[in-house]
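**Student:** Before I ask anything, let me first share the structure, which is written out below as structure tokens.
Any read-out appearing in this document is the output of simple, stated calculations on the displayed coordinates, not a laboratory observation. Because the structure is predicted, anything quoted here is derived from the model rather than measured. Neighbour counts run over all protein chains shown; Cβ positions are idealised from the backbone, glycine included.
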Amino acid sequence: MKLEDVKVAVLRIEGTNCEQESYDAFKRLGAYPEFVHLKQLLGIDCNKDEKRDVFGFQCLMIPGGFSAGDYIRGGAIFAARIKSKLQKSLESFVKQEYPILGVCNGFQVLIELGLLPGIDTVMSDVPQACLNINDSDRFECRPTLLKHENNGKCIFTSKIPNGDVRLIPSAHAEGKLLFPLERQEKILDELEKNDQVVFRYVDPDGNYAGYPWNPNGSPGNIAGICNDLGNVFGLMPHPERTFYRHQHPDWTQSGLDDNVGDGREVFESVLDYICKRF
């Protein structure tokens, strides 16, 4: 598939607010992104020309924000609306190895949908994890350093060397990844064993560290995970916000070089996968 033929659906409902940056990241690389309101996929409150089908796209992205005001909990309402009519379509989409990306609120949606952690099933009937309130009990907006720890399973980070530390900013109030307490250690071990841990929060020396380097208190410093197939990826920090080097807070000291930011290769990786796979 040619890059200019790759269609990416950037999903949105009321409350999403990072769709423009997400759209721009794909557009700048030569793909064909489209803003798609969930109602267009559900086929409600829109005319025939506005309706869209999941399989009309090679990639789905659920951006950040506060969908439906984060009532109940982050991402819950967005996920419930998706699952009401699109569960079978999404399961088939994932099984056919099409990619889905969820950033911040999008990660919360993927958890609520049951697409992540995705250890024993493509899509669980009920959530198998949650993204809980930050340990600080407040919204945290800060630069965060992420160490890439995936060994090749995640298609969204194939261009990022293992062990690389990237500056990708975080902005969330509910980002602490938790699993059922009686099974949490076992699940964390399984994620590690299955190569599903993608990024961990670290300090400037590349060491695992607590607050503020880990802005939410996630066990194991986990910032992002993928499913067992490697084609569904969720992370709390925002790679679309460091697409360019000039978006980094230290660019005046480090210089611009070729102006490639630390988040750009997330988008390059998935587009490269699509072009080769389809």
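**Student:** Of K7/K147; K2/K88; K48/K153, which ones are farther than 32 Å apart at the Cα?
**Tutor:** Beyond 32 Å between Cα atoms: K48/K153.
**Student:** Could the peptides 77-89, 180-192, 229-241 be put in order, highest first, of the mean number of other beta-carbon atoms found within 10 Å of their residues? Show your work: numbers first, answer last.
**Tutor:** On the way: 77-89: 17.0, 180-192: 13.2, 229-241: 26.9.
Put in order of decreasing packing, that is 229-241, 77-89, 180-192.
**Student:** Need the C-alpha centroid separation for segment 1-49 versus segment 228-250, integer Å.
**Tutor:** That distance is 18 Å.
**Student:** A further question on this structure: Any chance you could list P(r) for the chain, counting all Cα-Cα pairs in 5 angstrom bins from zero, rounded to whole %?
**Tutor:** 1, 6, 13, 18, 21, 19, 12, 6, 3, 1, 0
**Student:** Then there is this: Under the rule of at least 5 residues apart or a separate chain, name every residue whose amide H is placed under 5 Å from the amide H of N194.
**Tutor:** none
**Student:** Another question, then. Beyond 24 Å, what share of the Cα-Cα pairs of segment 34-161 remains, rounded to the nearest whole percent?
**Tutor:** On the way: 2693 of 8128 pairs.
When every Cα pair of segment 34-161 is considered, 33 percent fall beyond 24 Å.
**Student:** Counting helices only, and only those DSSP H runs with n ≥ 4, report the 222 nm mean residue ellipticity of the chain as the sum of -39,500 (n - 2.57) divided by its residues, in deg cm²/dmol to the nearest 500. Walk me through the numbers before you get to the answer.
**Tutor:** On the way: 7 runs with 72 residues, N = 278.
My calculation for the chain gives -7500 deg cm²/dmol from helical runs alone.
**Student:** Relative to the present Cα-Cα distance, how much length would full extension add between E14 and D250 at 0.36 nm per residue of separation? Numbers along the way, then the final one.
**Tutor:** On the way: separation 236, 0.36 × 236 = 84.96 nm, distance 3.35 nm.
Computed gain between E14 and D250 is 81.6 nm.
**Student:** Another question, then. For V260, list long-range residues whose amide hydrogen, built 1.01 Å from N in the peptide plane, is under 5 Å from its own amide hydrogen.
**Tutor:** Close amide H contacts, sequence-distant or interchain: R245.
**Student:** What does the charge add up to near N132, with Lys and Arg as +1, Asp and Glu as -1, over the other residues with Cβ less than 11 Å from its Cβ?
**Tutor:** So the environment of N132 carries a net charge of -1.
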